[in-house]
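Below is one structure; the comments refer to it alone.
The values are calculated or read from the model by the stated rules, or taken from the named source; none is laboratory data. These numbers were taken from a predicted model, which means no experiment stands behind them. Note that we place each Cβ from the backbone using ideal geometry, even for glycine, and neighbour counts take in every protein chain shown.
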Amino acid sequence: MNRLTKYFFIFHTIMILTAGVGMWIVLKLFFPEMMVKGYFVIPLFFYLMGVIFILRFRRTPLENPAHLVNLYMIMRVIKIFTSFAIIFLYWLIHQPSIRNFATLFIIFYLISLIWETYIYLRMEKYIKNMKEENKHPNDHERIDL
């Protein structure tokens, strides 16, 4: 589990850095009018949410798959509400460029959604493999002819 967690942390960091710097370069070169003040807040928010997501999965009991699904859904709901709160807060502070900020935020949200789904699928695969390894040889299905 620790090796898988390290893999998720490293891959998550690389993914957010690549998306953040890549998006910043594209905005700077091709869409300078879309650049917003406080751009760094967007990748930082999604990085922190991803770290929380990974840490929560690490502490999830593997014996109860329903708990894993519930945790995944709760994390999605929390992320949606905190995303709305960040966008609303930005709107209160800097109203003129809210459309650009919201657009960039949604792009990062979609990238994050894909990444979290990948983490969830890898965790499910890991749990399935752990259950298969821990099964007693007599517990496997038999086919009688």
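Of everything listed in (1) assigned to a helix (DSSP H, G or I); (2) within 30 Å of Lys131 (Cα to Cα), the single unmet condition for Ile80 is (2). Would you please name the residue that is nearest to Phe108 (Cα to Cα), looking only at residues in region 6-41 that are of a type in the set (Ser, Thr, Tyr) and assigned to a helix (DSSP H, G or I)? Among those residues, the one meeting the criterion is Thr18.
Residue-by-condition table, conditions (1) within 20 Å of Lys128 (Cα to Cα); (2) at pLDDT 90 or above; (3) among the hydroxyl-bearing types (Ser, Thr, Tyr); (4) buried (at least 17 other Cβ atoms within 10 Å of the Cβ):
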| position | (1), (2), (3), (4) |
| --- | --- |
| Thr13 | no, yes, yes, no |
| Ile16 | no, yes, no, yes |
| Gly22 | no, yes, no, no |
| Ile25 | no, yes, no, no |
| Phe31 | no, yes, no, no |
| Tyr47 | no, yes, yes, yes |
| Val51 | no, yes, no, no |
| Ile54 | yes, no, no, yes |
| Phe57 | yes, no, no, yes |
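List every residue pair whose Cβ atoms sit under 9 Å apart, with the two residues 6 or more apart in sequence or on different chains, where the first one lies in region 24-42 and is in contact (Cβ under 8 Å) with a residue 12 or more places away in the chain and under 16 Å from Ser83 (Cβ atoms) and the second, anywhere, is part of a loop (DSSP other than H, G, I, E, B) and not acidic (Asp, Glu). Correct list of pairs: Val36/His94; Gly38/His94; Ile42/Val36.
Annotation: of all residues in region 61-82 being over 16 Å from the mean Cα position of the chain (by Cα) and without any contact (Cβ under 8 Å) to a residue 60 or more places away in the chain, the one that is farthest from Gln95 (Cα to Cα) is Glu63.
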